[in-house]
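See below for the structure under consideration.
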Amino acid sequence: MNKIGFNVLAWSAAMSDDLKPILDRLKKIGYDGAEFFVGSDDIPAYKRIGEHCKNIGLEVTTVFVLSPEENLVSPDNDVRQKGLEKIKWTIDRSHDLGSQVLCGPFHSAFATFTKAAPQDIEYARSAEILHQAGDYAAQAGILLTPEALNRFECYLCNTMEQLSHLLKIVNHPNVKAMFDTHHANMEEKKLGEAIHRIAPYLAHFHISENDRGTPGSGHVPWDETFAALAAIKYKGWLTIEGFTRSDPDFANAIGVWRQFSEPWEMAESGYRFIREMGEKYGL
C-alpha cells in the first residue's frame, strides 16, 4: 500500500520539541510519515526533530513557499538568485530532518501577482532555477515536487497542464510534480483527467478536502481520484494537508478564518478514510 503521511501544519508551522508528542501519536495511529513546513530559523531543531522521527520509525517529507523577494519568475536576476539560495537552504534543512520529498509552490512566489497571465519568459526563468535546484537536491537525495495552486494564491501554475508544461522545460530527473486535491477541486474540470495528465511527472500527492477539513467530509470526488491513482499505478505518498486555527500566525497568513476540523479528528478519521479508499482501489 502507498505510504500515508500527515502534515503537522494542522498544529504548528514552528520547528520545536513541542512537535514530539504529536509525532509519537501520529505514529501510534499508523502513519508512515510526517510532513513539516520549513521556515523556522532554529537550525538545531531540524536535526533534533529529524532524529526523533528516525528513532520512532516515522519517515519525513517537507513543504515550503517563496516570498516576493525570492520570486523565481522575477525579471530581476538578483531576486531569482535569492530564490535559488532559499531553495538550497530549505533542501539543507530538509536533509537535516531526513526528508525524502520537498514539495510546495516554489516555482514562483506565493500569492504574488503581476496583473497579467503567465508569460513564456516566466516559465523559462522558473525552469532555469528549478533545474539548478534539482542538481543541488540530487546531492541530498531529496526529490523536488513543485505544486500547482489555485488562482487566488498563484498565477504561474494553476492546473496540471501548466505544471506539466513547466516540468517539461525544467527537464530534470529530481524535479517532478505534486498534486493537491484542494487546489485541483477549484481549477480542474475533472480530477481523474488531471491526474492522468500529470502522471508522467507525479511523485507526491496531497489528500486535501475542498475546505481543508477532514478528508472524506466534503465534496472532493474521492472515488474518481483514487480510481485514477490506481489506474496510473501511483506509488508515492498520500499525505493529508489540512489547516486549522491552531497556529494563528500561520492561519492568518493563508486566510484560514475558522476551524474546519479539529486536528486529531482530522488525523484519525483521515487515516481511516485513506486506508479504506486505498483498499477499495488497490493502492
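Work out the FRET efficiency for Asn210 and Trp264 from their Cβ-Cβ distance, taking R0 = 25 Å, and round it to the nearest 0.05. Could you put the intermediate results ahead of the total?
Working: r = 21 Å, r/R0 = 0.83.
Calculated transfer efficiency: 0.75.
Given a cut-off of under 8 Å on Cα pairs at least six residues apart, what relative contact order in percent is computed for the chain?
Values: 573 pairs, mean separation 52.5, N = 283.
That works out to 19 percent.
Cβ neighbours within 10 Å, averaged per peptide: list 85-97, 243-255 in order, most packed at the top.
85-97, 243-255
Relative to the Cα centre, what is the charge dipole magnitude of the stretch 170-272, using +1 at the beta carbon of each Lys and Arg, -1 at the beta carbon of each Asp and Glu, and rounding to the nearest 20 debye?
On the way: 10 positive and 14 negative charges, 85 e Å.
Result for the stretch 170-272 is approximately 400 debye, rounded to the nearest 20.
When N counts the residues of the stretch 136-276, how does its alpha-carbon radius of gyration compare numerically with 2.2 N^0.38 Å, as a ratio? Write out the running numbers ahead of the final one.
Working: Rg = 15.3 Å, N = 141, 2.2 N^0.38 = 14.4 Å.
So the Cα radius of gyration is 1.06 times the expected 2.2 N^0.38 Å.
Taking 0.36 nm per residue of sequence separation and subtracting the Cα-Cα distance, how much length would be gained by fully extending the chain between Ile121 and Ser40, in nm to one decimal? Write out the running numbers ahead of the final one.
Working: separation 81, 0.36 × 81 = 29.16 nm, distance 3.21 nm.
Full extension of this stretch gives 26.0 nm more.
Of the peptides 262-268, 103-109, 38-44, how do they stack up when ordered by the mean number of other Cβ atoms within 10 Å, highest first?
On the way: 262-268: 18.0, 103-109: 26.3, 38-44: 13.4.
Top of the packing list down: 103-109, 262-268, 38-44.
Taking a virtual spin label 7 Å from the Cα of Gln139 along the C-beta vector, which residues in the stretch 85-104 bring their backbone nitrogen under 19 Å of it?
Inside the label zone: 85-102.
Could you tell me what percent of the accessible area of the chain is made up of carbon and sulfur, with a 1.4 Å probe and every protein chain present?
The nonpolar share, carbon plus sulfur, comes to 49 percent.
If you take the C-alpha gyration tensor of the stretch 1-70, multiply each eigenvalue by 5 and take the square root, what semi-axes do you get, largest first, in whole Å?
On the way: eigenvalues 91, 41, 21 Å².
Largest first, the stretch 1-70 gives 21, 14, 10 Å.
Roughly how many whole Å is it from the C-alpha centroid of the stretch 183-218 to that of the stretch 53-91?
Comparing the Cα centres of the stretch 183-218 and the stretch 53-91, I get a distance of 23 Å.
So if I place +1 on the C-beta of Lys and Arg and -1 on the C-beta of Asp and Glu, and nothing else carries charge, what would the dipole magnitude of the chain be about its Cα centre? I want it in debye, nearest 20. Write down the numbers at each step before the final one.
Numbers: 29 positive and 39 negative charges, 115 e Å.
Rounded to the nearest 20 debye, it is 560 debye.
For the chain, what is the accessible area per residue in Å² when the probe is 1.4 Å?
Working: 11700 Å² over 283 residues.
Per residue, the chain has 41 Å² of solvent-accessible surface.
Which residue, Arg80, Arg25, Arg258, tops the fluctuation ranking in a GNM of the chain built on C-alpha contacts under 10 Å?
Evaluated over the chain, the most mobile residue of the options is Arg258.
Which pairs break 30 Å Cα to Cα here: Lys54/Lys190; Lys86/Lys115; Lys28/Lys168; Lys28/Lys233; Lys82/Lys189; Lys3/Lys115? Each step should come with its number before you reach the end.
On the way: Lys54/Lys190 38 Å; Lys86/Lys115 25 Å; Lys28/Lys168 40 Å; Lys28/Lys233 28 Å; Lys82/Lys189 35 Å; Lys3/Lys115 40 Å.
Long pairs (Cα-Cα over 30 Å): Lys54/Lys190; Lys28/Lys168; Lys82/Lys189; Lys3/Lys115.
For Glu59, which sequence-distant residues (separation of 5 or more, or a different chain) have an amide H within less than 5 Å of its own amide H, given hydrogens modelled in the peptide plane?
Gly33, Ala34
Can you tell me which of 233-240, 134-141, 172-179 comes out highest on packing, and rank the rest after it, using the mean Cβ neighbours within 10 Å? Don't jump to the answer; show the numbers that get you there.
Values: 233-240: 20.1, 134-141: 15.6, 172-179: 22.4.
Those peptides, ordered most packed to least, come out 172-179, 233-240, 134-141.
Normalised by the number of residues in the stretch 1-116, what is the relative contact order in percent for Cα pairs under 8 Å and 6+ residues apart?
Working: 184 pairs, mean separation 30.1, N = 116.
Once normalised by length, the contact order is 26 percent.
In whole Å, what are the extents of the chain along the principal axes defined by its C-alpha atoms, from largest to smallest?
Result, largest extent first: 47, 43, 36 Å.
Quick one, could you list the DSSP H helices from the chain stretching 20 Å or more along their long axis (Cα atoms) with average Kyte-Doolittle hydropathy of -1.0 or above?
Details: long enough: 43-56 (21 Å, -0.57); 77-97 (30 Å, -1.28); 120-140 (30 Å, -0.42); 263-281 (26 Å, -1.09).
In the chain, the long hydrophobic H runs are 43-56, 120-140.
With +1 on each Lys and Arg Cβ and -1 on each Asp and Glu Cβ, and nothing else charged, work out how big the dipole of the stretch 33-136 is about its Cα centre, in Debye to the nearest 20.
Numbers: 10 positive and 16 negative charges, 30 e Å.
Here the stretch 33-136 has a charge dipole of around 140 debye.
The values are calculated or read from the model by the stated rules, or taken from the named source; none is laboratory data. Keep in mind the model is a prediction, meaning the values are calculated, not measured. FYI the Cβ positions are ideal-geometry reconstructions off the backbone, even for glycines, and counts take in every protein chain you see. Accessible surface areas use protein heavy atoms only, side chains included; no ligands, DNA or RNA. Shrake-Rupley method; radii C 1.70, N 1.55, O 1.52, S 1.80 Å.
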